[in-house]
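One structure below.
No lab work stands behind these numbers, since they all come straight from the coordinates. These figures come from a predicted structure and were not determined experimentally. Methodologically, a virtual Cβ is constructed for each residue, glycine included, from the backbone with ideal geometry; neighbour enumeration extends over all protein chains shown.
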Amino acid sequence: MTGESRGASAESGQDKQTPPRGKWANNTEFLLSMAGEIIGLGNVWRFPYLCYKNGGGVFLIPYFVFLFCCGIPVFFLETALGQYTSEGGVTAWRKICPMFEGVGYASQVIVIYLNIYYIVILAWAIFYLINSFQSPLPWSTCDNWWNTDLCHSRSGFLSNPDLFHREANWSFLNNVSSADDFEGFNYSINPLLLVKSPEEEFFRNRLLRVSHDFSVGAVNWDLALCLLLAWVICYFCIWKGIKSTGKVVYFTATFPYLMLLILFFRGVTLPGAGQGLTYYLYPDFRKLGDPQVWNDAGTQVFFSYAVCQGVLTALGSYNKYNNNCYRDCFGLCCLNSATSIFAGFAVFSVLGFMAQDLDIPIEEIMSAGPGLAFVAYPKALSLIPGSSFWAVLFFLMVLFLGLDSQFVCVESLATAITDLFPRRLRKPGAREILVLVIAVLCFLFGLPFVTQGGIHLFSLVDYFGPSGTSILIIACVETSVVAWIYGADRFLDNIEDMIGYRPLSVLKYLWLFVTPLICLLTVLYGLIQARPFTIEGHTLRLGSSLLAGLLMAAPLICIPAFIFVALYKDPKRMIRASKDLRQIRPHKPLLTLCDYVIFKAQGQTKESEEKGNESNMEESAKV
């Protein structure tokens, strides 16, 4: 046993027949892998929109409140847990508290959701990237086979500007003679809303080929090939484990920053950029009183920081025991939030240019989620000279932003499975087969998302799979287990043993009270405000409602289920940490508050103490 893995690694509790566990070659690989996971598409298309929607710069106030009270504490907890136990997202929880092993399984269910549907966005990005090499861009004109009579491009706008005002008379369209005739359409009475941009029709009619009856329909085989290509790229990024992942992230985690920087400088030099940035950051302090703004901030923080997915624990588990994960986590959190804010400048400067160029309010072109990345922003890029070049850069950025998040999620699942069966899956060649099986299965399960009704299924899984409610509940359980059962003081002692000094004491009280309370209140608010089984105000059909309920229940049911499993197996050791974990102060109370002992020490076995002393002697000899 080496000094770096003294007493806390999984190997200490395994026999000599179990192959050793890998480690990052250096700290840079760990940092880039973490950055690649937490900095993704949400930074580009979700955060800027939420800022615009929720009061501009004022949104940063609730955002940073949730960040410091919930995001950073849970982010650090999961990373430090992985480094301390040297175990993946399931076995790490088994080691510190067997009763709550289900927390690890719950996070892996969410990772499975992400592995199946998130990569579909990469298939879209590849499809757009291939089409970006055409000039003119295929989504900038209305003379293609997928366009309808409702399509009106920019040239049509310039030729008939009077038709594009709210008071314009569109009665000639589809033989509509009065406002009453619009009732047959699934739109507002305003006839202007009948007009479709070529970008929107490309997205719906060419890329998705949406079925309006919610049926699955046929597989779009060109999209299926793009999905296959995305999985092939993903597989060869991680098939060798952290040996290949650690090298790939040098490119995939840094290249999007170069693209974002280029797009930023191009955007701020366009006319109208100032108007877009004003919409992005202009503060509206009235929004602070809206609970929905705070709910959006909390949801954004938890999604953006990839907490409660087992990914942070898996990546941290490959660290050397004495790595300063405390410093790393704070640096990564600052980088993530700074990237989100910076991405807003790149996005809204270009949207401001489009609003000025078309002489329309920016709120009429703003949209959330995929609509921003695949409709609004491509439309803006099509107006810039050399549009094909800028489109290629943008979709390369989207592809790499999503790619490293995707393959790190696959890595997390593979790590969790490997640590559950180390004797079999750490053998030479077993890792490659395991990742291949995961990739093939996820690809097959992903095929329904590239059918004609795939977007409906995509929206359903995206909304109810890794839902904010599930993640907040898991975060509440995680912090409560570590702080109240394992013991916040004992966990801080473990961290001190790893990094050489004690973290800020405020973390203890955040884990004990603040983070669980805020998570619980946010969940309660969401349940009170939300209409059951609705997406953006639209009530789901019975079949979709049943699937939505299953998606939400699957991860959460793991927690109580494994409590009963632990109760059946060994009720006397349900809350006792593994004897293999090194404790530097085994006789110190697990938790104290205001000098009062809340939970006494569990003590340390003689075997564990001897292993800890042995590892200390080895490290001293190395020094």
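Place a point 7 Å from Cα of N322 in the direction of its Cβ. Which residues in the range 72-97 have their backbone N less than 16 Å from it? Under cut-off, by backbone N: 84.
Hey, any idea what Rg/Rh is for the chain, computing Rh the Kirkwood way over Cα pairs? Before the final figure, lay out each step's value.
Details: Rg = 26.0 Å, Rh = 25.9 Å.
Across the chain, the Cα-based Rg/Rh ratio is 1.00.
Using the Cβ-Cβ distance between S545 and T28 with R0 = 51 Å, the FRET efficiency computed as 1/(1 + (r/R0)^6) comes to roughly 0.60.
In plain terms, the chain from L527 to W484 could stretch by 12.9 nm, reckoned as 0.36 nm per residue minus the Cα-Cα distance. Centre-to-centre, using Cα atoms only, the range 459-529 and the range 576-598 are separated by 19 Å. Pairs with C-alpha atoms separated by more than 27 Å, drawn from the list K320/K588; K95/K508; K427/K569; K240/K508, are K427/K569; K240/K508. In a reduced charge model with +1 at each Lys and Arg Cβ and -1 at each Asp and Glu Cβ, the chain shows a dipole moment near 2120 debye about its Cα centre.
Put the Cα centre of the range 325-399 next to the Cα centre of the range 410-440 and the gap is 36 Å. Kirkwood-type hydrodynamic radius, the range 316-396: 15.1 Å, calculated from all non-identical alpha-carbon pairs. Taking 0.36 nm per residue of sequence separation and removing the Cα-Cα distance, the T469/W145 pair yields an extension gain of 112.4 nm. Computed from the C-beta positions of V440 and D595 and an R0 of 45 Å, the FRET efficiency is 0.20 to the nearest 0.05.
If packing is taken as the average count of other Cβ atoms within 10 Å, what order do 425-432, 404-411, 262-269 fall into, highest mean first?
Working: 425-432: 13.9, 404-411: 27.5, 262-269: 17.2.
Most protected by this proxy first, the peptides run 404-411, 262-269, 425-432.
Shape class of the range 390-547 from the Cα gyration tensor (axes a ≥ b ≥ c, square roots of the eigenvalues): oblate, since a/c reaches 1.5 or more and a/b does not exceed b/c. Among the helices of the chain, those built from whole DSSP H runs whose Cα atoms reach 30 Å or more along their own axis and whose mean Kyte-Doolittle hydropathy is at least -0.5 are 101-131, 325-358, 387-420, 542-569. Counted residue by residue at 0.36 nm each, then reduced by the alpha carbon distance between them, the extension gain from D570 to V216 reaches 122.8 nm.
What is the chain's relative contact order, in percent, from Cα pairs under 8 angstrom and six or more apart in sequence?
Numbers: 981 pairs, mean separation 192.4, N = 623.
It comes to 31 percent, rounded to a whole number.
Could you please report the charge total around P271, scoring K, R as +1 and D, E as -1 over all other residues with beta-carbon less than 13 angstrom from its beta-carbon? Charge balance in the 13 Å sphere: -1.
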